[in-house]
Amino acid sequence: MTDATITPVPSPPKTPLTEADPRTKKRNAAEKRFQYYGIAAIAVGLFFLIVLMVSIVRSGLPAFTQAVVSVDFTLTEEQYDEAEAQLFKTAAYQSYFNAVLREELRERGLDVDFDEAAIERILGKTGGTLREFFRANEDQLGQPVSFELSASSRVDGYFKGRVTREALQDSRFLQQSDLDLVDALADAGIVFSALNWNFITGADSGVDNPGGAGIGASVVGSFFMMLVVLFLSLPIGVAASIYLEEFAPQNKFTDLIEVNISNLAAVPSIVFGILGLAVFIQFMHLPQSAPLVGGLVLALMTLPTIIISTRASLKAVPPSIREAALGVGASKMQAVFHHVLPLAMPGILTGTIIGLAQALGETAPLLLIGMVGFVARGYPDGFVAGFTDPNSAMPAQIYTWAARADVSFYEKAWGGIIILLVFLLTMNAIAIILRRRFERRW
Amino acid sequence: MALIFNTVEFFNLYPASEFFTSLSWAPSFSGRGGSSELGLLPLLWGTLYISIVALIVAVPIGLFSAIYLSEYASSNVRSFAKPLLGILAGIPTIVYGLFALLTVGPLLVSVFGDGGWLGVSWQGGGRAVMTAGLVMGIMLIPFVSSLSDDIINAVPQSMRDGSYGLGATKSETIRQVVLPAALPGIAGAILLAASRAIGETMIVVLGAGAAARLSLNPFEAMTTVTAKIVSQLTGDSDFASPEALVAFALGMSLFVITLTLNVIALYIVRKYREQYD
């Protein structure tokens, strides 16, 4: 027999219950850390959102203003006749204008002289604009007319801080001495920043004229496209969901369709673009670059969104409504169209607006069917032409500007984004209001 | 159907074996070239690389914010932060593309580029895998976060209660009970996000560059399947030339890849949901 001595296990030192032992402390620290990871993740996400918004607003707002030169200009009838009689008519107008500008500067006591070339660098060819105006409004002859002529894009950039004195190299576009003149004009209040209406209402300009580029024509293009999307995908989508939800038997076939719809919603948008190119343009020979084709492609993309949301809102209508309608002798169709559909309407509209907003921001498929920015050179002539004439859409126009080499177009692209986001925000706000207003909990 | 038609026509003009195995992408611009090399692999590599970078950004941020929002946040924070993150999902991709090209790209160059803050010259130009991947990651954050949020919420409360009853802290419960239970669903969500990343066009067209190369350097410009579809089909190209028809083959490959990913992901998510219903 051995004397088995039981060595007592040293019991952990008793600590008071109110004091946490090291292990608990460690676990609590881990808990805190974990929570901080979560907060950090959300903070990073929101930080990205803020950075995005700030950079959009900061870079986009300058696009809405434009440096203009404001001059009161009087053209007498003799001057008009004389200019029209000359060989270089616009040059004559230009020299009148320069004389007036010189006079104006002297009146204000500014002692800066300039040559004609400098004015041309700052303002572009003013003669053409003046001649056009007076030929159209001959009755304005002899009266003072106030002109607001937009300055060239480089002068505009100088006003907005994009072009700086240090970085500027003398070229045929702009010289250091021109900036002195611009400064003097600005002090006199002749050159100032004004709201650039042309950007909001105008059409795209050429590669060499960033100042004249506007987004208006492509807004119209987007509008016609949305019309096509709305009138195609809403009826088809609602009809399909009513059938699937209310009438279709539960079998393999409808199951397959359901799976397909949810897969369709996840197909990359560019694949829809290729499809549109192959089917609508190559096979059906619809006009290229037309909002009609763009609308058809986007309608295909919007359909799954509308079907999914319509089915969800049809499902949300309680069966008691249907049963009550059937109970008082309505046919199945009457029950659906008179009772279920009106109750599901707010949900359907909300889904439609959200689907349209998605379609409005879609770019890639439009590029493939030729709706690139530079085709948006003017407004369509009429309602039908709005569908078939080559036009662009807002996001495609933004892409075209972003892809151009001239840096001044970037500002336009950011500005276009602001306009696009304003449209999207409005649509989403309408959807939210609809939902708040009409949503019913059963 | 039309896709298949054009794809078949392309493979009549260009051998399929080369399309799938060739390591170089060098279309001739003359339009009628037998000299074009149209290999899918460099494009596919660019696509996958950018998607991986995007997922590395989006998955941790999205997952942690989903965990925080569904497990810790008070209803006030939740009703405030969730829609704000949702805004990120509602912004059109062209906006992200411009953001990549004009803000993130130059920023990355000023950090990693020549004479940058870090004193290294890894990045030559603004257009790079990193630029596109980072911005795409931002785009995917709300996508990952809202999907994982739903999935974490679907884990039954009884499992959490059981874990608390054994004395586990909240984070231990999440890490050892909730996440393992939600893992298949989260994997499905990540696959869905990956298929979004692979099919994304505008961000890579503007942010990733146009050079097709097989490289491991994330600061180099690479191109993707989607970007090449755009560049092959825009402009005045003849629809019958292999250079234009290759876009249909690319589109077909893209469609098949994303469809497979989606089907797998939906299958996983659905299976997972049934488990707890």
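None of the figures in this text is laboratory data; all of them are computed from the coordinates on show. All figures in this text were calculated on a predicted structure; none of them were measured in a lab. Backbone-built Cβ (ideal geometry, glycine too); neighbour counts: all protein chains shown.
Per-structure values
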item: Furthest towards positive pole of dipole, A:Ala67, A:Ala83, B:Ser253, structure part the protein assembly as shown, Cβ charges; result: B:Ser253
item: Helical segments meeting 15 Å axial Cα length and Kyte-Doolittle 1.0 threshold in chain A (DSSP H); result: A:216-242, A:291-316, A:341-360, A:408-438
item: Peptide-level mean, for B:80-89, of C-beta atoms on other protein chains within 10 Å; result: 3
item: Ranked packing of A:69-77, B:161-169, most packed first, by mean Cβ within 10 Å; result: A:69-77, B:161-169
item: Of A:Lys32/B:Lys82; A:Lys25/B:Lys82; A:Lys252/B:Lys271, pairs whose Cα-Cα distance is over 24 Å; result: A:Lys25/B:Lys82
item: Compactness of the range B:66-165 - radius of gyration and Dmax, Cα, Å; result: 18.9, 57
item: Rounded if a/c under 1.5, otherwise prolate or oblate - the range B:70-115, Cα gyration tensor axes; result: oblate
item: Where only C-alpha atoms are counted, convex hull volume of chain B per residue in Å³; result: 160 Å³
item: A:Thr74 long-range amide H proximity, modeled H, under 5 Å; result: A:Val145
item: With eigenvalues of the C-alpha gyration tensor scaled by 5 and rooted, chain A, Å; result: 60, 39, 20
item: Efficiency of FRET between B:Ala154 and A:Asp406 - r from beta-carbon atoms, R0 45 angstrom, step 0.05; result: 0.30
item: A:Val145-B:Ala211 pseudo-label distance in nm [points 7 Å out on the Cα-to-Cβ vector]; result: 5.4 nm
item: Compactness of the range A:216-438 - radius of gyration and Dmax, Cα, Å; result: 19.7, 70
item: Cβ-based exposure ranking for B:Leu183, A:Leu234, B:Leu134, in which fewest neighbours within 10 Å come first; result: B:Leu183, A:Leu234, B:Leu134
item: Reachable lysines from A:Lys412, criterion Cα separation under 24 angstrom, eight or more residues apart if same chain; result: A:Lys125, A:Lys160
item: Inter-chain Cβ neighbour average for residues A:360-368, partner chain, 10 Å; result: 6
item: Whole-Hz ³J(HN,Hα) from phi, Karplus 6.51 cos²θ - 1.76 cosθ + 1.60, for the range B:92-109, glycine and proline x; result: x, 5, 4, 5, 5, x, 5, 4, 5, 5, 9, 10, 5, x, x, 4, 5, 4
item: Sorted by Cβ neighbour density within 10 Å, fewest at the top, the residues B:Glu172, A:Glu411; result: B:Glu172, A:Glu411
item: A:His338, A:His285 arranged by Cβ crowding within 10 Å, fewest neighbours leading; result: A:His285, A:His338
item: Peptide B:60-67, shielding by other chains (average Cβ, 10 Å cutoff); result: 6
